[in-house]
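These notes concern the structure reproduced below.
The values are calculated or read from the model by the stated rules, or taken from the named source; none is laboratory data. Because the structure is predicted, anything quoted here is derived from the model rather than measured. Counting neighbours? That spans all protein chains shown, and the Cβs are built from the backbone with ideal geometry, glycine included.
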Amino acid sequence: MIKVLITGGAGFIGSNFVRYMLERHSDYQIVVLDKLTYAGNLLNLKDLLNEPRLTVVRLDLCDPGVAEVVSGCEFVVHLAAESHVDRSIHDAAVFVRTNVEGTLQLVECCRRANVKRYVQVSTDEVYGSLGPRGKFTETSPIDPSSPYSASKAAADMLVQSYFRTHRFPAMITRCSNNYGPYQFPEKFIPLMISQALANQNLPVYGDGQNVRNWIHVTDHCVALDLILHRGREGQVYNIGGPSECANLTLARRILELTNRPKSLIKFVTDRPGHDRRYAINYGKLKKEMGWEPAIEFEQGLAQTIEWYEGNTVWLETTKNGEYREYFKKYYLHTAAERA
């Protein structure tokens with residue numbers, strides 16, 4: 001068995017990636033390291049917790065016990081992060097601790113353990129904001145606008161420095177906005193869906209003309225798998241799709257698909273430093289590995305709405321915090337338990 005560590009594996013992208021890897025690679029033993037903060041939800045993995053090829057370890061990235069978890073792992077995919085921009089504006093310190101200090105500790109542990117392949121999962125937000133034209137490439141300047149994106153940019157630079165200094169076998173990915181099942185309902189698409197299903201107002205920042213480049217989480221998982229196995233060490237790979245959409249347009253489309261009135265849209269005060277537009281050029285990934293997004297946005301959006309409609313228990317327990325009680329019912333290896 002090949003041992004693969006996935007940090008943040010109880011989160012949105014992480015849990016989808018765990019599912020993908022278990023299904024795709026029958027000879028892989030998956031280890032999930034997750035602090036299980038508010039966005040780390042074991043309900044995302046509930047049906048897999050008895051899978052013999054899956055181990056869940058509850059641990060902070062800054063805990064010295066990370067070295068023990070990393071030991072014996074051949075591959076590491078680092079997804080764990082504080083990722084909500086609004087939260088970073090109110091409290092940047094936790095983002096620096098997790099995204100920068102946590103990444104440093106993980107990378108150093110991986111280097112000492114002679115990990116064979118490491119993927120740093122980052123974000124297109126490190127590039128900052130685009131004007132009405134053009135797309136981010138891997139050589140676009142790093143120009144973060146929020147404490148969140150600044151902390152991710154710093155983590156990227158640390159990983160890059162380890163490659164250059166230690167020849168650490170790392171690759172960095174920068175993906176556009178994800179959507180799909182198991183996404184925490186503070187993010188735009190699940191927030192709009194959950195509000196619409198509850199017949200409550202859909203809060204849209206500013207004039208609603210901020211444009212995002214959307215990719216289904218399954219397409220992201222396929223790209224991560226390819227990069228983990230075929231990516232060139234020391235390289236950055238952009239992951240994205242052709243689906244650009246203004247927030248207001250997307251909110252209106254979600255209302256149409258849920259048969260709710262457009263009067264539910266409520267414009268709210270814009271957040272500070274709100275990037276106007278993101279767009280990704282994924283030509284490098286397409287050229288080197290033949291990757292392209294397979295799920296068309298309209299189809300994926302309809303499937304995502306259907307998933308939330310069919311998983312109302314998950315949605316409600318996640319929104320009201322009851323999902324945290326589930327942690328107490330499942331044994332997790334914590335630092336205290338190991339001591």
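Tabulated data for the structure shown
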item: Test for Asn44: is it farther than 21 Å from Gly102 by Cα and crowded, with 23+ Cβ neighbours inside 10 Å; result: yes
item: Residue in segment 324-339 that is out of contact with any Asp or Glu (no Cβ under 6 Å at 6 or more places or on another chain), assigned to a strand (DSSP E or B) and either at pLDDT below 95 or surrounded by 17 or more Cβ atoms within 10 Å (Cβ to Cβ) (or both) present; result: no
item: Yes/no for Met1 being over 24 Å from Met157 (Cβ atoms), at pLDDT 95 or above and not small (Gly, Ala, Ser); result: no
item: Residue check for Tyr278: within 26 Å of Arg87 (Cβ to Cβ), in contact (Cβ under 8 Å) with a residue 24 or more places away in the chain, buried (at least 22 other Cβ atoms within 10 Å of the Cβ) and of a type in the set (Ser, Thr, Tyr); result: yes
item: Residue among Arg174, Arg212 that is of a type in the set (Lys, Arg), crowded, with 18+ Cβ neighbours inside 10 Å and at pLDDT below 95; result: Arg212
item: Qualifying strands (runs of 3 or more DSSP E) (wholly inside segment 207-270; at least 2 residues being under 20 Å from Ile295 (Cα atoms) and among the aliphatic types (A, V, I, L, M)); result: 211-216
item: From Ser176, Ser149, residue being touching an Asp or Glu at 6+ places or on another chain (Cβ under 8 Å) and within 30 Å of Lys46 (Cβ to Cβ); result: Ser176
item: Options Glu288, Glu292; residue that is at pLDDT 95 or above, surrounded by 13 or more Cβ atoms within 10 Å (Cβ to Cβ) and not in a helix (DSSP H, G or I); result: Glu292
item: Selection from segment 82-106 of residues that are at pLDDT 95 or above and surrounded by 23 or more Cβ atoms within 10 Å (Cβ to Cβ); result: Asn99, Gly102, Thr103, Leu106
item: Counted residues, segment 142-170 - those being over 22 Å from the mean Cα position of the chain (by Cα) and not charged (D, E, K, R); result: 6
item: Condition broken by Thr139, with the remaining ones in (1) buried (at least 17 other Cβ atoms within 10 Å of the Cβ); (2) β-branched (Val, Ile, Thr); (3) free of Cβ contacts under 8 Å to residues at least 12 places away in the same chain satisfied; result: (1)
item: All positions within segment 20-34 that are within 15 Å of the chain's Cα centre (by Cα) and surrounded by fewer than 22 Cβ atoms within 10 Å (Cβ to Cβ); result: Tyr20
item: Residues that are part of a loop (DSSP other than H, G, I, E, B) and either hydroxyl-bearing (Ser, Thr, Tyr) or over 21 Å from the mean Cα position of the chain (by Cα) (or both), drawn from segment 181-206; result: Tyr182, Ala198, Asn199, Gln200, Asn201, Gly206
item: Sole residue being under 18 Å from the mean Cα position of the chain (by Cα), modelled with pLDDT of 95 or more and not in a helix (DSSP H, G or I), chosen from Val121, Val126, Val115; result: Val121
item: Test result for Leu104, of a type outside the set (D, E, K, R), over 22 Å from Asp124 (Cβ atoms) and in a helix (DSSP H, G or I); result: yes
